[in-house]
Amino acid sequence: MAMRQTPLTCSGHTRPVVDLAFSGITPFGYFLISACKDGKPMLRQGDTGDWIGTFLGHKGAVWGATLNMDATKAATAAADFTAKVWDSVSGDEVLSLAHKHIVKSVTFTQDSNHLLTAGNDKLLRIYDLSNTDAAPQEIAGHGAAIKKALWCNNDKQILSAADDKTIRLWDRTSMDEVKTLTFDTTVSSMEYMADGEILVITYGKTIAFYNALSLELIKTVEAPAPINSASLHPEKDFFVAGGEDFKLYKFDYSTMEELESYKGHFGPVHCVRFSPDGELYASGSEDGTLRLWQTAVGKTYGLWKCVLPEDLGADNSEQMYGSTPEIKA
């Protein structure tokens, strides 16, 4: 009998969870940050979902959140017209960056020295975090609010997705637009994978994979429902997606075949991301929770305990499962 997927539920937020991000793997494990409309982004231990702390200071919904690679810094984008940089060890606010409209997206460079922001004022901004008095570099060109902006190509280029139904590739040095992709509908999410330079895009029911440097299409698949977010496994074996039907879907990347689907949330899934080691993926939902799902169901990892059939005794024909506690933040 197949093992049953048992997600870990991370509660604590009081409104929809709209964005999440993992750090890289550090000597202390890896970490997970969540952005929520309750205005209180949370930091958790990535493999267990255990709550570490809440970043307090925003006066509106938080739309975007990110951690730098070693999880020493966090950044958040909010409806109070600010992006904030935090010390993620102490929880202290380090910097508040005023914008002219709602901020939707924040991303650090690999060296953590620069922060890229974007949002409803249609501008990309690059802040030098080592010289906070300097005005940010600004890149204009989108005709509507920008949903997501990401560094790519070793931080030499920028990818941005906006409500003008385009994704644009920009050169960081010249600040010129290099290439534009145009879609029939608004792009709902964008993930960049440096290893292989792959861009994962969702729009409508479509999950599409592009070469991030040339913006040439690699492959697409149609999901059974409108998709809000998708994430590719670090080894590129699988990808997962979640959307409007409350389910999470897992696909084989090479064949694009749907392998599994799970319902755990009680509202649309807004964001999904694989952990840096690929052992689990996290989802955030309209229901106010984050859930952690095992990539290989039944494996001992984090708070999941593997129970092998031979451990159950010959007279017990029912499949048992490792207990998965609900985590209270």
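The values are calculated or read from the model by the stated rules, or taken from the named source; none is laboratory data. These numbers come from a predicted model, not from an experiment. Note that each Cβ is placed from the backbone with ideal geometry, even for glycine, and that neighbours are counted across all protein chains shown. Surface accessibility is based on the protein's heavy atoms, side chains included, excluding ligands, DNA and RNA. Shrake-Rupley method; radii C 1.70, N 1.55, O 1.52, S 1.80 Å.
For region 230-274, the residues whose backbone nitrogen is under 13 Å from a point 7 Å from the Cα of D195, taken along Cα to Cβ, are 232-238, 274.
Split the accessible area of region 130-258 by element, probe 1.4 Å, and carbon with sulfur accounts for 45%. When each of the peptides 253-265, 56-68 is scored by the mean number of other C-beta atoms lying within 10 Å of its residues, the order from highest to lowest reads 56-68, 253-265. Each Lys or Arg adds one and each Asp or Glu subtracts one; over the other residues with Cβ under 14 Å from the Cβ of F31, this totals -2. Rounded if a/c is under 1.5, else prolate if a/b beats b/c, else oblate: with a ≥ b ≥ c from the C-alpha gyration tensor eigenvalues square-rooted, which is region 14-185? Prolate, since a/c reaches 1.5 and a/b exceeds b/c. Legend: residue pairs K40/K147; K165/K205; K40/K263; K165/K250; K104/K236; K147/K263, Cα-Cα distance threshold 22 Å; pairs beyond threshold, K40/K263; K165/K250; K104/K236; K147/K263. Name the shape class, rounded, prolate or oblate, that the alpha-carbon gyration tensor gives for region 183-240, where a ≥ b ≥ c are the square roots of its eigenvalues, rounded holds for a/c under 1.5, and otherwise prolate holds if a/b is larger than b/c and oblate otherwise. The shape class here is oblate. Close amide-amide hydrogen proximity is noted between W63 and A77, A78, A79, each under 5 Å apart and 5 or more residues distant or on a separate chain (H modeled in the peptide plane; Pro and chain starts excluded).
Solvent-accessible surface of the chain, averaged per residue with a 1.4 angstrom probe and all protein chains in place: 42 square angstrom.
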